[in-house]
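All remarks here apply to the structure that follows.
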């Protein structure tokens, strides 16, 4: 599998939309890997995870043809991941060549319900399906298994295990430390790669909906302990925030020692 990280920033982006803190000022000056758009990933050019507000920017920057996407999978309904109204631009009113197939859209039940309630589905080439935690679904060449993230108490939030031809990836954005239920489930897997969020920087601060650098390091160690990762598995971070107080090189200084790569917009990972 080939994973491309289209965006690796948190909800406000980096530099943040309306911020002039030191990190944002330096990120604007340095640009490059310090410019982070809202988090999303593309697998094998055809399976997309999340549809953030920066999707048009991603298509321009990375030269993407989104008509090649076959499956769109949502993690949860927070705005930086779930800009579902962008799907209205698949309508015949906005394209000159209509799709000759449907885009398969998957997500937590509340995501699917919101799409059904707020889009004119009769005019859109969409096939919708709600996912359940722990239940694997077959999506063409891929299998996807949603697991429960530790992120919000008012909605269902997933991380996703994606498999193809004996290779497997866990895409784990927007989660804190997993619950025992999720850890028990992961003990049965042998993952070739982990893309894991790292929004909080060095300060663990008690906020349980995201991960800090020390927590990411402990999460890798825990996955190695339970056999969910091997020493050859790639571990890459995403969903970075200016609130961490770190630029890209700052993240690298703390994580590379633990064989954890710091993700950046456009990064490609072969699994």
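A few points about this structure:
- Residue 131 being closer than 30 Å to residue 219 by Cα and either over 21 Å from the mean Cα position of the chain (by Cα) or in contact (Cβ under 8 Å) with a residue 24 or more places away in the chain (or both): yes
- Restricting the stretch 223-271 to residues that are in a loop (DSSP other than H, G, I, E, B) and free of Cβ contacts under 8 Å to residues at least 60 places away in the same chain, the residue that is nearest to the chain's Cα centre (by Cα): 260
- For the stretch 209-245, a tally of residues being touching a strand residue (DSSP E or B) at 6+ places or on another chain (Cβ under 8 Å) and crowded, with 21+ Cβ neighbours inside 10 Å returns 15.
- Residue identified as at pLDDT 95 or above and under 17 Å from residue 157 (Cβ atoms) among 216, 195: 195
- Considering residues of the stretch 160-176 that are in a loop (DSSP other than H, G, I, E, B) and surrounded by 18 or more Cβ atoms within 10 Å (Cβ to Cβ) only, the residue farthest from the chain's Cα centre (by Cα): 176
- The lone criterion from (1) touching a strand residue (DSSP E or B) at 6+ places or on another chain (Cβ under 7 Å); (2) more than 30 Å from residue 57 (Cβ to Cβ) left unmet by residue 271 is number (2).
- The set of residues from the stretch 86-108 being exposed (fewer than 13 other Cβ atoms within 10 Å of the Cβ) and touching a helix residue (DSSP H, G or I) at 6+ places or on another chain (Cβ under 8 Å) comprises 92, 93, 94, 95.
- Among the candidates 148, 121, residue that is under 19 Å from residue 90 (Cβ atoms) and surrounded by fewer than 20 Cβ atoms within 10 Å (Cβ to Cβ): 121
- Within the stretch 183-222, the set of residues being touching a helix residue (DSSP H, G or I) at 6+ places or on another chain (Cβ under 6 Å) and in a helix (DSSP H, G or I) comprises 213, 217.
- Of the residues contained in the stretch 15-25, none is found to be part of a strand (DSSP E or B) and either within 13 Å of the chain's Cα centre (by Cα) or surrounded by fewer than 23 Cβ atoms within 10 Å (Cβ to Cβ) (or both).
- Scanning the stretch 26-37 for residues that are surrounded by fewer than 13 Cβ atoms within 10 Å (Cβ to Cβ) and not in a helix (DSSP H, G or I) yields one hit, 31.
- Strands (runs of 3 or more DSSP E) within the stretch 38-120 that include 1 or more residues within 29 Å of residue 269 (Cα to Cα) and over 13 Å from the mean Cα position of the chain (by Cα): 71-73, 103-107
The values are calculated or read from the model by the stated rules, or taken from the named source; none is laboratory data. A quick note: this is a predicted structure, and the numbers were derived from the prediction, not measured. So basically every Cβ, Gly included, is an ideal-geometry build from the backbone, and we count neighbours across all protein chains shown.
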